[in-house]
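Encoded as structure tokens, the structure appears first; notes follow it.
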Amino acid sequence: MHRAPDPSDRTGIEQPSWRSILAGYVLIAGLLASLWAVSNPAAALTLLLAGVAVRRGTPRAAAAVRCVRVCREFTVDLGGRLRITVAKPPVDDAA
């Protein structure tokens, strides 16, 4: 004779977490981005190189701005033979 399963043995429907929902969206976006990169390799390479340049250039630009604020000048060495210094003149408020 068949007996119904015990309700305490059922796992029930699990509610998805925000992390799993976000992981699903990231997976879909990654798949679409990889399909686009395969169909447009030159554009994908250009976009990748631009991202690398921004990632590497941002801290250097921030350091240069900080140096200009603190030192009131900025010096660039070009090949060890030429040095260019840009200085901010002092402000004279007496006038």
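The values are calculated or read from the model by the stated rules, or taken from the named source; none is laboratory data. Predicted model only: the values in this text are computed from it and were never measured. Counting neighbours? That spans all protein chains shown, and the Cβs are built from the backbone with ideal geometry, glycine included.
For region 39-47, does any single residue satisfy the condition of being over 24 Å from the mean Cα position of the chain (by Cα) and among the small types (Gly, Ala, Ser)? Checking region 39-47: not a single residue is over 24 Å from the mean Cα position of the chain (by Cα) and among the small types (Gly, Ala, Ser). The conditions are (1) assigned to a strand (DSSP E or B); (2) at pLDDT 95 or above, and Ile84 fails exactly one of them. Which is it? Against the list (1) assigned to a strand (DSSP E or B); (2) at pLDDT 95 or above, Ile84 comes up short only on (2).
Among the residues of region 47-73, those that are touching a strand residue (DSSP E or B) at 6+ places or on another chain (Cβ under 7 Å) and either under 21 Å from Ser34 (Cβ atoms) or touching a residue at least 12 places away in the same chain (Cβ under 8 Å) (or both) comprise Val68, Arg72, Glu73. Of the residues screened, Pro5 is not one that is surrounded by fewer than 10 Cβ atoms within 10 Å (Cβ to Cβ) and under 30 Å from Val76 (Cα atoms).
Filtering region 25-56 to residues that are surrounded by fewer than 11 Cβ atoms within 10 Å (Cβ to Cβ) and either in a loop (DSSP other than H, G, I, E, B) or not aliphatic (A, V, I, L, M) (or both) leaves Tyr25, Gly30, Ser39, Pro41, Gly51, Arg55, Arg56.
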